[in-house]
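Chemist: This is the structure, below, for whatever I ask next.
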Amino acid sequence: MVSVKTKADIEKMHEAGKIAADALNAVEAKLRPGMTTRDIDKIVHHVITSHGAVPNFLGLYGFPASACVSVNEEVIHGIPGGRKLNEGDIVSVDLGARYKGWNSDTCYTFAVGQVAPEIRRLLDDTEASLYKAIEAAQIGARLGDVSHTVEAYCRERGYGIVQNYCGHGIGREVHEDPEVPNHGKAGHGMRLADGMTICIEPMINLVGDAVHTLKNGWTVVTDSGSWSAHFEHMIAITENGPMILTKR
Ligand code: MG
């Protein structure tokens, strides 16, 4: 079931989205080599709770932290811990806030200092594919138009596209219908309607589509060992076009 939100609902989700965006800003401001992924989680937890919101990833399906912090070859669901960030690494910070009963969800992949040129391109291209997909999320468009936009943009540039995980609807729950894959056929799938709120989140690998989960049961890594980028925004489909609710 896809739930449609009123303008007032979307305003409340925007509040939750701003808190999540704030948490990413705080991480970026403090990010430096030598930090651990646990340090990042602490920043996220602090920012979200200091707004009177709840880190909605904490305990979600049993996840043990406030943020998924995934480094280099880790695609998603990295568990914060003792891993130290080095100059030249990339780190994806995926988080969300629940505020007054409404959820947000966003992710950004940061470069730690200077990264290799092909990694810089991976980050820029993955982020660009997200914005192209958001632009495709207009009333009356099909879900497949959004998915296909990510796929076409990233395939053209030779990247691998993670297909085992995808974006999703969001609202009272973090994960609602519909699923929003990063691959699909233009002109196919559900029609987007005014008041739908979805998360679009390309997960793009430098080499190869394939991924697997580590023995910890959570962390998803690339089969190739190549690095992976992940950018996500929560958006509302509105009569004025797509509205980004987690803008930084
Ligand atoms: Mg998400």
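The values are calculated or read from the model by the stated rules, or taken from the named source; none is laboratory data. If you're wondering where the values come from, they're calculated on a predicted model, not measured in any experiment. Glycine also receives a Cβ, built like all others from the backbone with ideal geometry; neighbour counts cover every protein chain displayed.
Chemist: What single numbered condition from (1) within 16 Å of the ligand (Cβ to nearest atom); (2) surrounded by fewer than 24 Cβ atoms within 10 Å (Cβ to Cβ) fails to hold for G17?
Modeler: With respect to (1) within 16 Å of the ligand (Cβ to nearest atom); (2) surrounded by fewer than 24 Cβ atoms within 10 Å (Cβ to Cβ), G17 is out only on (2).
Chemist: In addition: On the given criteria, is F57 of a type in the set (A, V, I, L, M, F, W, C), farther than 22 Å from K18 by Cα and within 16 Å of the ligand (Cβ to nearest atom)?
Modeler: Working: of a type in the set (A, V, I, L, M, F, W, C): yes; farther than 22 Å from K18 by Cα: no; within 16 Å of the ligand (Cβ to nearest atom): yes.
Against the criterion (of a type in the set (A, V, I, L, M, F, W, C), farther than 22 Å from K18 by Cα and within 16 Å of the ligand (Cβ to nearest atom)), F57 does not qualify.
Chemist: Of all residues in the range 103-133, how many are within 15 Å of the ligand (Cβ to nearest atom) and over 16 Å from M203 (Cβ atoms)? First the steps, then the outcome.
Modeler: So the first thing to find is which residues in the range 103-133 are within 15 Å of the ligand (Cβ to nearest atom), and the list is 103-109, 126, 130, 133.
After this cut, where a residue has to be over 16 Å from M203 (Cβ atoms) as well, the list is 103-104.
So the count comes out to 2.
Chemist: What pairs come up if the first residue lies in the range 123-141 and is charged (D, E, K, R), the second is at pLDDT 95 or above and in a helix (DSSP H, G or I), and their beta carbons are under 7 Å apart, counting only those six or more places apart or on different chains?
Modeler: Qualifying pairs under 7 Å: D125/C154; K132/T149; K132/Y153.
Chemist: Could you list all residues from the range 168-212 that are touching a Pro at 6+ places or on another chain (Cβ under 7 Å) and within 15 Å of the ligand (Cβ to nearest atom)? Talk me through it step by step, then tell me what you get.
Modeler: In the first step, residues of the range 168-212 are kept if they are touching a Pro at 6+ places or on another chain (Cβ under 7 Å); the result is 169, 182, 190.
G169, N182 - these are the residues of the range 168-212 that are touching a Pro at 6+ places or on another chain (Cβ under 7 Å) and within 15 Å of the ligand (Cβ to nearest atom).
Chemist: Which members of the range 67-125 meet the condition of being within 29 Å of R155 (Cβ to Cβ), surrounded by 21 or more Cβ atoms within 10 Å (Cβ to Cβ) and small (G, A, S)?
Modeler: S70, G78, S92, G96 - these are the residues of the range 67-125 that are within 29 Å of R155 (Cβ to Cβ), surrounded by 21 or more Cβ atoms within 10 Å (Cβ to Cβ) and small (G, A, S).
Chemist: Kindly list, by first and then second residue, each pair from a residue in the range 72-91 that is closer than 16 Å to R32 by Cβ to a residue that is among the aromatic types (F, W, Y), limited to pairs with Cβ atoms under 8 Å and residues at least 6 apart or on different chains.
Modeler: From the range 72-91, the pairs are I90/F110; I90/W227; V91/F110.
Chemist: Can you tell me which residue is farthest from D94 (Cα to Cα) among those in the range 169-190 that are free of Cβ contacts under 8 Å to residues at least 60 places away in the same chain and surrounded by 20 or more Cβ atoms within 10 Å (Cβ to Cβ)?
Modeler: Taking the range 169-190 as the starting set, the residues that turn out to be free of Cβ contacts under 8 Å to residues at least 60 places away in the same chain are 175, 179-189.
Filter once more, keeping what is surrounded by 20 or more Cβ atoms within 10 Å (Cβ to Cβ): 180-182, 184, 189.
On the way: V180: 17, P181: 17, N182: 17, G184: 24, G189: 27 Å.
Ranking the candidates gives G189 first.
Chemist: Of these, I198, I204, which one is within 15 Å of G144 (Cβ to Cβ), assigned to a strand (DSSP E or B), touching a strand residue (DSSP E or B) at 6+ places or on another chain (Cβ under 9 Å) and of a type in the set (A, V, I, L, M, F, W, C)?
Modeler: Numbers: I204 fails: within 15 Å of G144 (Cβ to Cβ).
Selected residue: I198, the only one of I198, I204 that is within 15 Å of G144 (Cβ to Cβ), assigned to a strand (DSSP E or B), touching a strand residue (DSSP E or B) at 6+ places or on another chain (Cβ under 9 Å) and of a type in the set (A, V, I, L, M, F, W, C).
Chemist: Separate question: Within the range 1-25, count every residue that is out of contact with any His (no Cβ under 8 Å at 6 or more places or on another chain), assigned to a helix (DSSP H, G or I) and of a type in the set (A, V, I, L, M).
Modeler: Taking the range 1-25 first, the residues out of contact with any His (no Cβ under 8 Å at 6 or more places or on another chain) are 1-18, 20-21, 23-25.
With assigned to a helix (DSSP H, G or I) added as a condition, the list becomes 7-18, 20-21, 23-25.
Within this subset, residues satisfying the condition of being of a type in the set (A, V, I, L, M) are 8, 10, 13, 16, 20-21, 23-24.
Looking only at that region, the number is 8.
Chemist: Could you tell me which residue of the range 207-227 is surrounded by the fewest Cβ atoms within 10 Å (Cβ to Cβ), considering only residues that are among the polar types (S, T, N, Q) and part of a loop (DSSP other than H, G, I, E, B)?
Modeler: So, considering only residues that are among the polar types (S, T, N, Q) and part of a loop (DSSP other than H, G, I, E, B), the one surrounded by the fewest Cβ atoms within 10 Å (Cβ to Cβ) is N216.
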